[in-house]
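*Asks:* Below: one structure in structure tokens.
Read-outs: derived from the displayed coordinates by stated rules, not from any lab. Here the structure is a predicted model, which means the values were calculated and not measured. Here the Cβ positions follow ideal geometry from the backbone for every residue, glycine too, while neighbour counts run over all protein chains shown.
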Amino acid sequence: MTTEQVQTAPEWLALREPVDAAARSAELVEEIRRYLPPTGGTTVHDLGCGTGSMARWLAPRLTGVQHWVLYDRDAELLTRAAANPPDWAADGVPVTTQTRLRDVTRLHPEELAGANLITASALLDVMTVDELERLVTSCAGVGCPVLITLSVTGRVELTPADPFDRCVADAFNAHQRRTVGARRLLGPDAVGAAVDRFTRLGFDVLVRPSPWWLGPGRAALAARWFTGWLAAASEQRPELAATFSYGRRRLAEVAEGRLSITVGHADLLVRPG
């Protein structure tokens, strides 16, 4: 689905938040510090903030006074983000937040004016080509670093492997790249497309892997992820829906702690030229 259609359940965001936190690239955070005001007073604009997990993860890793501006098109998610903000920076300085109800693919560059850092998470792969173009243009107009984490890359590894895994993975990736009307979704191609567009505008982009690892301790998230993964694949290739035994077998392995899943993601840091 497109970013205009997606409705992200707060329960899903809560379930994935600790796994997101473990996956994001700490190396890119170290790089970000080079671009922030040395005396503090950092303003961060977080696009598609959901319930605010990016702010809760990143703010305590940065020092000095921080003000976060949280954007989302879902009012319920913004209410939850406002109710559970990050409290402190790494050096104990309070962090402040405000929320803005917006479609982040239709922001004007002036709305981001004054940002020292722009962030987003789990956003690029659900965008269309046109949405990405608008987002890149808005961010590029500010000229500050942009950190975008946890974009799906299309790589999935289930251990132990099953011969049917590859069929499902291929169908899922095709579903993520499908065309809706006249609009093509980016899916696993989103990171490469974003790098290309930012680079053509004169920015330098660092890309680092940020895979999820869903082992025995993450059975609830693994089961929910797998169910959605298989459902999307079956929507793309309806004949897969008839293979009930595969889904039942894999979910049983999750419940018994016998299945580990690695879901490929990538983080990128856009640095001003």
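*Asks:* What list of ³J(HN,Hα) values in whole Hz, one per residue of segment 33-44 in order, does the Karplus curve 6.51 cos²θ - 1.76 cosθ + 1.60 (θ = phi - 60°) give from phi, with Gly and Pro shown as x?
*Replies:* 4, 5, 9, 8, x, x, 9, x, x, 8, 10, 10
*Asks:* Gain in length, Asp204 to Thr227, computed as 0.36 nm per residue apart minus the alpha-carbon separation, to one decimal in nm?
*Replies:* 4.5 nm
*Asks:* Nearest 10 degrees is fine. How inclined is helix 244-255 to the longest principal axis of the chain, computing both from alpha carbons?
*Replies:* Its long axis makes an angle of about 60 degrees.
*Asks:* Next up: With a point put 7 Å past each Cα toward its Cβ, work out how far Arg33 is from Asp162 in nm, to one decimal.
*Replies:* So the label points at Arg33 and Asp162 sit 4.5 nm apart.
*Asks:* Determine one quarter of the surface area of the Cα convex hull of segment 74-187, which equals its mean projected area, and express it in nm² to one decimal.
*Replies:* 10.4 nm²
*Asks:* Also, I was wondering about something else. Choose one answer from Asp162, Asp130, Asp189: the residue with the largest mean-square fluctuation in a GNM of the chain with alpha-carbon springs under 10 Å.
*Replies:* Asp162
*Asks:* Output the 0 to 90 degree angle, nearest 10, between the alpha-carbon long axis of helix 219-236 and the longest principal axis computed from the alpha carbons of the chain.
*Replies:* On a 0 to 90 degree scale, this one is about 70.
*Asks:* Shifting gears a bit: For Phe244 and Glu76, compute 0.36 nm times the residue count separating them, minus their Cα-Cα distance, and round to one decimal in nm.
*Replies:* Separation in residues times 0.36 nm, less the Cα-Cα distance, equals 56.9 nm.
*Asks:* Using just the helices of the chain, give the 222 nm mean residue ellipticity in deg cm²/dmol: DSSP H runs with n ≥ 4 each add -39,500 (n - 2.57), and the total is spread over all residues, rounded to 500.
*Replies:* -11500 deg cm²/dmol
*Asks:* Calculate, in nm to one decimal, what Trp213 and Val65 gain on full extension: separation in residues at 0.36 nm each, minus their alpha carbon distance.
*Replies:* Taking 0.36 nm per residue and subtracting the Cα distance, the gain is 50.0 nm.
*Asks:* Shifting gears a bit: Net charge near Thr99: determine it from the other residues with C-beta under 13 Å of the C-beta of Thr99, scoring Lys and Arg +1 and Asp and Glu -1.
*Replies:* 0
*Asks:* Measuring from the lowest to the highest alpha carbon on each principal axis, how far does the chain reach, largest first, in angstroms?
*Replies:* Principal extents (Cα only, largest first): 58, 41, 32 Å.
*Asks:* Same structure again: Averaging sequence separations of C-alpha pairs under 8 Å and six or more residues apart, then dividing by the length of the chain, give the relative contact order as a whole percent.
*Replies:* 20 percent
*Asks:* As an exercise, use a Förster radius of 51 Å and the Cβ-Cβ distance of Arg258 and Val93 to find the FRET efficiency, rounded to the nearest 0.05.
*Replies:* That gives a FRET efficiency of 0.65.
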